[in-house]
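> A single structure is presented below for examination.
What follows draws every value from the coordinates through simple rules; no lab data is involved. What you see is a predicted model, and the numbers here were worked out from it, not measured in a lab. Cβ: placed from backbone, ideal geometry, glycine included. Neighbour counts: every protein chain shown.
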């Protein structure tokens with residue numbers, strides 16, 4: 001589960017992020033309230049993936065450009081969320097950017113400013 005450990009490290013490196021189980025899967029929250037990334041391990045199939053907050057436009061471009069790596073997840077896809085497969089070759093730099101972008105969409109302005117001050 002190296003992929004899960006890498007994803008966990010990316011999420012927990014962001015300001016005031018916590019992890020707990022939600023719907024039986026590791027899920028990352030901003031200030032223990034708002035979800036920005038959730039693991040999807042065998043949710044509806046035998047694939048390992050995560051779902052993250054995203055804009056609908058960005059999600060649609062990523063899914064259209066590379067459906068082997070990206071998908072529109074059930075339940076939250078209609079709100080712009082993106083699914084990212086982890087059981088294929090993973091571009092971890094891109095995953096880091098997606099996780100950070102998801103955080104920026106969900107986190108309060110003060111936490112985003114704190115993140116920007118450290119980069």
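> Tell me, what is the percent relative contact order of segment 25-89, built from C-alpha pairs under 8 Å that lie six or more residues apart?
Here the relative contact order equals 28 percent.
> How far, in nm, would the chain grow between residue 90 and residue 6 when pulled straight, counting 0.36 nm per residue and subtracting the alpha carbon separation?
Taking 0.36 nm per residue and subtracting the Cα distance, the gain is 29.2 nm.
> So what's the angle, to the nearest 10 degrees on a 0 to 90 scale, between helix 92-106 and the longest Cα principal axis of the chain?
Roughly 60 degrees, rounded to the nearest 10.
> Pairing the Cα long axis of helix 56-65 with the longest principal axis of the chain, what angle in degrees results, from 0 to 90 and rounded to the nearest 10?
40
> Students often get this wrong: which residues of segment 96-119 have the backbone nitrogen under 19 Å from the point 7 angstrom along Cα-to-C-beta of residue 47?
From segment 96-119, the list is 96, 98-99.
> If you don't mind, there's one more thing I want to ask. For helix 2-12, what angle does its Cα long axis make with the longest principal axis of the chain, in degrees from 0 to 90 and rounded to 10?
Orientation of helix 2-12: about 30 degrees from the principal axis.
> What FRET efficiency comes out for residue 66 versus residue 20 if R0 is 41 angstrom and r is the Cβ-Cβ distance? Round to the nearest 0.05.
0.85
> Would you calculate, for the chain, the mean residue ellipticity at 222 nm contributed by helices, counting each DSSP H stretch of 4 or more residues as -39,500 (n - 2.57) and dividing by all residues, to the nearest 500?
After summing the helix terms and dividing by the residues of the chain, the value is -11500 deg cm²/dmol.
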